[in-house]
Amino acid sequence: QVQLVESGGGLVQAGGSLRLSCAASGRTVSNYHMAWFRQAPGKEREFVARISGSNSNTYYADSVKGRFTISRDSTKNTGYLQMNSLRPEDTAVYYCAAGMFIATAPARYTYWGQGTQVTVSS
């Protein structure tokens, strides 16, 4: 089993930055694909970014491309999401996920964190 714990969320003004962390425990996630999703009130959970477990290739949703950067540190068993130039529409609960299948669909990921709130004020 893998446990994921997100941290780093908070309140920030538009144009600001936050760095989310996703600490894994239970087993190493170096071979797992990791991803970030977000869910705003009344909306479905949506894909934000993913990083491959094999070669750290990355892929982003169009809405965050050029502003967000996903990364991982295998030595710390931790994933990250650096968010720059934040906009009010980025406000959501952000979740990290890990799994053996690289995908943008939430259902393809096995392990999930509890989420961290990101609020961007205008």
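Within segment 110-122, the set of residues being closer than 18 Å to Phe68 by Cβ and open to solvent by less than 80 Å² (accessible area, probe 1.4 Å) comprises Gly113, Gly115, Thr116, Val118, Thr119, Val120.
Restricting Ser56, Ser71, Ser30 to those that are in a loop (DSSP other than H, G, I, E, B), hydroxyl-bearing (Ser, Thr, Tyr) and open to solvent by 40 Å² or more (accessible area, probe 1.4 Å) reduces the list to Ser56.
Residue under question is Ala23, and the condition is that it be surrounded by fewer than 19 Cβ atoms within 10 Å (Cβ to Cβ), under 15 Å from Thr91 (Cβ atoms) and among the hydrophobic types (A, V, I, L, M, F, W, C); does it hold? So Ala23 fails the test.
Just to be sure before I move on: is Gly42 open to solvent by 80 Å² or more (accessible area, probe 1.4 Å) and assigned to a loop (DSSP other than H, G, I, E, B) in the structure I sent? Walk me through it before giving the result.
Working: open to solvent by 80 Å² or more (accessible area, probe 1.4 Å): yes; assigned to a loop (DSSP other than H, G, I, E, B): yes.
When the stated conditions are applied, Gly42 passes them.
Taking residues in segment 52-67 that are under 16 Å from Met100 (Cβ atoms), and partners anywhere that are surrounded by 14 or more Cβ atoms within 10 Å (Cβ to Cβ), the pairs with Cβ atoms closer than 6 Å and at least 6 places apart or on different chains are Ser52/His33; Ser52/Ile102; Gly53/Tyr32; Gly53/His33.
Among residues of segment 96-122 that are free of Cβ contacts under 8 Å to residues at least 12 places away in the same chain and assigned to a loop (DSSP other than H, G, I, E, B), none has a Cβ under 9 angstrom from a residue that is open to solvent by 10 Å² or more (accessible area, probe 1.4 Å) and of a type in the set (A, V, I, L, M) at a sequence gap of 6+ or on a separate chain. All conditions in (1) within 19 Å of Gln114 (Cβ to Cβ); (2) surrounded by fewer than 22 Cβ atoms within 10 Å (Cβ to Cβ) hold for Trp36, with the sole exception of (2).
The numbered conditions (1) under 13 Å from the mean Cα position of the chain (by Cα); (2) farther than 25 Å from Gln1 by Cα are all true for Asn84 except (1). Taken as a whole, the structure places Ala92 among residues that are touching a strand residue (DSSP E or B) at 6+ places or on another chain (Cβ under 7 Å), surrounded by 18 or more Cβ atoms within 10 Å (Cβ to Cβ) and farther than 17 Å from Val2 by Cβ.
The values are calculated or read from the model by the stated rules, or taken from the named source; none is laboratory data. This is a predicted model, so every value here is computed, not measured. FYI the Cβ positions are ideal-geometry reconstructions off the backbone, even for glycines, and counts take in every protein chain you see. Note: accessible area is taken over every heavy atom of the protein model, side chains too, but ligands, DNA and RNA are not part of it. Shrake-Rupley method; radii C 1.70, N 1.55, O 1.52, S 1.80 Å.
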